[in-house]
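One structure is given below, encoded as structure tokens.
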Amino acid sequence: MAVLRVENLRKGFASPTGHIDVLRGVTLTVEPQEFVAVVGESGSGKSTLLQIIGTLEPADDGDVLFEGQSIFGLSPRAQARMRNERIGFVYQAHHLIPELTALENVMLPLAIRGLAPAEALSRARELLSRLHMAARESHVPGKLSGGEAQRVAVARALVGRPKLLLADEPTGNLDEATALDVFAAMRELCAEEGAAVVMVTHSRTLAQSSDRTLHLKGGIIY
């Protein structure tokens, strides 16, 4: 069964000049453990697509099925639980909590889930170690480099063993060498954890390193 099916998804926004159709019938399928890149010009709706798939924004029409279940039929509480347990998120900005250490940031989704502190600590340390961040686990985000902070964000996204990772320009704030390094680490860890990935990117290099590249233009996937 596909991890994700997006069926005829439509989304528009009001503007001073009239209604703008951003997504005009997007359909796509992502298989288990597949790494899919979505490319397109700025304003083409790539981030909007991820927000809808991640239950963070409603659609105007169409459906999104996660492992065969429509996410639109879920209550807000059930959607929040899905985001915590089955979907991971990585953004261009790391969005780490500045007052928490790297280790505490990674533990946070498991604490919200109610996992025993010792289990959450062990799992968070495991992922940070696998991302070569064990020596930085006690540092707050302000003491981390951009690449280090993004590695922590990847660990946080995957700590709960999600089936799907949504990555919105995950290396967009990094220089080219660091971006390639973080991407390689993210891709390797996702493969080891068995997570499928939908990644929005402007980078042709990163897109070519994915299993499959989809192009979003004019509100349609090609």
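Restricting region 6-47 to residues that are of a type in the set (Ser, Thr, Tyr) and at pLDDT below 95, the residue that is most open to solvent (accessible area, probe 1.4 Å) is THR17. Residues that are closer than 20 Å to ILE87 by Cα, open to solvent by 30 Å² or more (accessible area, probe 1.4 Å) and of a type in the set (A, V, I, L, M, F, W, C) within region 98-120 comprise MET107, LEU108, ALA111, ILE112, LEU115, listed in sequence order.
The residue list GLU137, GLU119 contains one member that is touching a helix residue (DSSP H, G or I) at 6+ places or on another chain (Cβ under 8 Å) and without any contact (Cβ under 8 Å) to a residue 12 or more places away in the chain, which is GLU119.
In a residue-by-residue description of region 101-108, the property of being over 16 Å from the mean Cα position of the chain (by Cα) and at positive phi applies to no position.
Among the residues making up region 1-53, a single one is assigned to a strand (DSSP E or B), within 22 Å of GLU193 (Cβ to Cβ) and of a type in the set (D, E, K, R): ARG5. Evaluating LEU56 against the criteria (1) part of a strand (DSSP E or B); (2) hydrophobic (A, V, I, L, M, F, W, C); (3) open to solvent by 60 Å² or more (accessible area, probe 1.4 Å) leaves one unmet condition, (1).
Comparison of ARG81, ARG77 shows that the only residue that is more than 19 Å from GLY12 (Cα to Cα), loosely packed, with under 13 Cβ neighbours inside 10 Å, out of contact with any Phe, Trp or Tyr (no Cβ under 6 Å at 6 or more places or on another chain) and not small (Gly, Ala, Ser) is ARG77. Pairs linking a residue in region 204-222 that is more than 16 Å from LEU165 (Cβ to Cβ) to a residue that is in a helix (DSSP H, G or I), with Cβ atoms under 8 Å and 6 or more positions apart or on different chains, are THR205/LEU180; THR213/ALA207; LEU216/LYS46; LEU216/LEU49. Looking across region 59-74, the residues that are over 19 Å from ARG10 (Cβ atoms), assigned to a loop (DSSP other than H, G, I, E, B) and over 18 Å from the mean Cα position of the chain (by Cα) come down to GLY68, LEU74.
The values are calculated or read from the model by the stated rules, or taken from the named source; none is laboratory data. Note that the structure is a prediction, hence the values are computed from the model and not measured. Here the Cβ is made from the backbone with ideal geometry for all residues, glycine too, and neighbour counts use every protein chain on show. With ligands, DNA and RNA removed, areas are computed over all heavy atoms of the protein, side chains included. Shrake-Rupley method; radii C 1.70, N 1.55, O 1.52, S 1.80 Å.
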